Each structure stands twice: as C-alpha cells, then as structure tokens.
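For reference, the structure is listed below as structure tokens.
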Amino acid sequence: MSSASSVSASELDQLLIARHGASAVQRFKSASVGLAGAGGLGSVIAAALARLGIGTLIVADFDRVEAVNLGRQQYFIDQIGLPKVEALRANLQRIHPGVRIIAQPLRVSAANLLELFGTVDILVEAFDDPIAKAELTATWLAACPQRPLVGASGMAGCGPANQIVTRRPFGHFYLCGDGHSAVETCGSLYASRVGIAAHHQAQAVVRLLLGLDPVEDCSP
C-alpha cells in the first residue's frame, strides 16, 4: 500500500471494495447525483457521498463562504470569501480524487433546474430557504416524476436526534427531518442536528443506489 501522501483514487476504490463489496462500489462509481445547495446540508451530504466514491457530483450554489458558515458547514477559515462550490470541490478532492465534481456557481431556480441537473440519477435538495425548496420540489416532481428527489424539512433547534426521520410523502419523493422545526419557531441551527438530517439524506441516496427502500427495511 502506498504512503498516506500518495494514495491513488484506484487504491481508495480497492479499500472501498474491501469494505463494501465490488457490486456496491460499482453502483456508486456509476452514479450521478445532483446537490442543489452547498451549505449546512449540501456540504455534509457531499462529503458523505465522496467518501463512498460516488462517480459524479453536480453541486450548484451561488453563495460564498463566510465566517458564520463555519459553525455548521464543511469549510475552513482559509476558504472564507471563496465560492462555496469551488471550496467544496477542493475539499472533496482531498477525500477522494476519483470523484468527478461539477461545480456550478449559480443560483438554482425553476428556469435552470433541468439544465443543471437533467442528467442526474438522483437530485438532492439542500436549501435553507423554504420558498426555494418548494419551487425546486414542484419543478422536479413535475418534470422528472420517475427520478428520485431527496429533500429536507425541519432541523432547527436542539430537539432530540430521534425526531429526525426519513419518510416518503408520495412517489419518488423522500423527505428528511422532523417536518416542522424552523428557525423562526425553534431557534438556531446546530451543526449536530443539521448534520443528522444531512446524513439521513445521504443514506437515502445510498439506499436508492443499492436498490433499497430509503424508508422501509425490506430485509427478511
């Protein structure tokens, strides 16, 4: 095995195969996942998926890294001022250089949603703004009803971790969170609780790629 400073993407893949199996890793490597948002949800989801060697991540966000973001987002002090998607791409490449990162420094809207994400197998909604969440959800479900959308709703405050769940409102739409806790009513966003919701979203993606139901355990 090479030294830590010179581990290649193929060596990382072999380590993943040893841990998860060749079939699972091949599914991950063949997948294309879209992330609409690179903040507290999106940056955490992206890191989780990169650690599995996801083939392609298309990440779109118009924002830049600010000092306040460091409280719950996967960025560093020396990245303040950089476009989030560029900073995130650099961080993800340090995790697994074999993951293809397409960074789109744009505001996602109904007008450009399909242009940005029309080729992905699964789209993940990772916005803060509820209006933007609703617009993306309505647009995607109308245009691509057979392709999964994994969204999030309700993760503010410091409520119990077990309140964060994954459910399927209908069709191929999966929603992670407690469904009600907003900053306006429950207070601040904590990295720990937002991270739980983000990892619910990442796990939903993993199960979908493995052909498993994100909500129900169908094992015998």
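Yes or no, residue by residue, for (1) free of Cβ contacts under 8 Å to residues at least 24 places away in the same chain; (2) surrounded by fewer than 21 Cβ atoms within 10 Å (Cβ to Cβ):
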| residue | (1), (2) |
| --- | --- |
| Gln146 | no, yes |
| Gly151 | no, no |
| Met155 | no, no |
| Cys158 | no, yes |
| Ala161 | no, yes |
| Val165 | no, yes |
| Pro169 | yes, yes |
| Gly177 | no, no |
| Ser181 | no, no |
Filter pass, Arg19 being crowded, with 16+ Cβ neighbours inside 10 Å, assigned to a helix (DSSP H, G or I) and among the charged types (D, E, K, R)
no
Within the range 107-131, residues under 24 Å from Met155 (Cα atoms), open to solvent by less than 70 Å² (accessible area, probe 1.4 Å) and over 17 Å from the mean Cα position of the chain (by Cα) come out as Ser109
Please specify each residue of the range 71-106 satisfying the condition of being assigned to a helix (DSSP H, G or I), open to solvent by 30 Å² or more (accessible area, probe 1.4 Å) and basic (Lys, Arg).
Arg89, Arg94
Tell me, please, whether a residue that is touching a helix residue (DSSP H, G or I) at 6+ places or on another chain (Cβ under 7 Å), among the hydrophobic types (A, V, I, L, M, F, W, C) and either assigned to a loop (DSSP other than H, G, I, E, B) or at pLDDT below 95 (or both) can be found in the range 167-188.
no
Here the residues within the range 22-31 that are open to solvent by 20 Å² or more (accessible area, probe 1.4 Å) and not basic (Lys, Arg) are Ala22, Ser23, Gln26, Ser30
Would you confirm whether any residue within the range 144-162 is of a type in the set (Val, Ile, Thr) and part of a helix (DSSP H, G or I)?
no
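Look at Gly187 and say whether it is touching a residue at least 24 places away in the same chain (Cβ under 8 Å) and surrounded by 15 or more Cβ atoms within 10 Å (Cβ to Cβ).
no
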Residue satisfying condition, being of a type outside the set (Lys, Arg) and either buried (at least 20 other Cβ atoms within 10 Å of the Cβ) or in contact with a Pro (Cβ under 9 Å, 6 or more places away or on another chain) (or both), within set Ala142, Ala202:
Ala202
For the range 41-60, which residues satisfy the criterion of being open to solvent by 20 Å² or more (accessible area, probe 1.4 Å) and either part of a loop (DSSP other than H, G, I, E, B) or modelled with pLDDT under 95 (or both)?
Arg51, Leu52
Which of (1) open to solvent by 40 Å² or more (accessible area, probe 1.4 Å); (2) part of a strand (DSSP E or B) is the odd one out, the single condition Gln14 does not satisfy?
(2)
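The values are calculated or read from the model by the stated rules, or taken from the named source; none is laboratory data. Keep in mind that this is a model prediction, so the values were computed, not measured. Positions of Cβ are backbone-derived with ideal geometry, glycine not excepted, and every protein chain shown enters the neighbour counts. The accessibility values were calculated without ligands, DNA or RNA, using every heavy atom of the protein model including side chains. Shrake-Rupley method; radii C 1.70, N 1.55, O 1.52, S 1.80 Å.
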